[in-house]
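Since the structure comes first, as structure tokens, the remarks are kept for the end.
What follows draws every value from the coordinates through simple rules; no lab data is involved. Just so you know, these numbers come straight off a predicted model, no measurement behind them. Virtual Cβ from ideal backbone geometry, glycine too; neighbours counted across all protein chains shown.
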Amino acid sequence: MCDCLFCKFVSGEIPVNKVYEDDKMIIIRDINPQAKNHFLGIPKAHFKLISEATPEQVAMIGECLKTISSLTEELSLQNGYRLVINQGDDAGQTVFHLHIHILSGQKMNWQPA
Ligand code: AMP
Ligand code: ZN
């Protein structure tokens, strides 16, 4: 048994509202939005870090990014968007199942700390 929250979303063990699903990923709304629209693209395959991804997993992530970019209406991407993958402490990663943050619906400022 995989003790991973996002694996449980993917398998259906924990029910979650899916905005989108295909054979590679699900997309859900983030429970703690950091922008007007904040979605999470969650690959169905479990791996923790982009730095540990195999070439096949990197290719799969690329396909997920392309799919995300095509979901204009579903994800409110009309006026632009930001895609983020957090890795490690400095980025504030809290869930160790790689996922893509999809932020949209507002102007986003980005100031260095
Ligand atoms: P990260 O900090 O990059 O690991 O992102 C994890 C994200 O998962 C955070 O933005 C959380 O708000 C989000 N999250 C945690 N639990 C849930 C949940 N039950 N449903 C939706 N999003 C969640
Ligand atoms: Zn997982």
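Within the group LEU83, LEU40, which residue is more than 20 Å from LYS8 (Cα to Cα) and either within 16 Å of ligand 2 (Cβ to nearest atom) or not small (Gly, Ala, Ser) (or both)?
LEU83
Only one of VAL95, VAL16 is more than 26 Å from TRP110 (Cα to Cα) and either within 16 Å of ligand 2 (Cβ to nearest atom) or surrounded by 12 or more Cβ atoms within 10 Å (Cβ to Cβ) (or both). Can you tell me which?
Answer to the check: VAL16.
Working carefully through the options ILE42, ILE68, ILE61, ILE26, find the one that is away from ligand 1 (no atom under 15 Å from the Cβ) and buried (at least 17 other Cβ atoms within 10 Å of the Cβ).
ILE68
So, PHE6, is that one within 16 Å of ligand 2 (Cβ to nearest atom), farther than 20 Å from LEU103 by Cβ and in contact (Cβ under 8 Å) with a residue 12 or more places away in the chain or not?
Here the answer is no, as PHE6 does not meet what is asked.
Working only within the range 2-20, note down all residues that are at negative phi and part of a loop (DSSP other than H, G, I, E, B).
CYS2, ASP3, CYS4, GLU13, ILE14, PRO15, VAL16, ASN17
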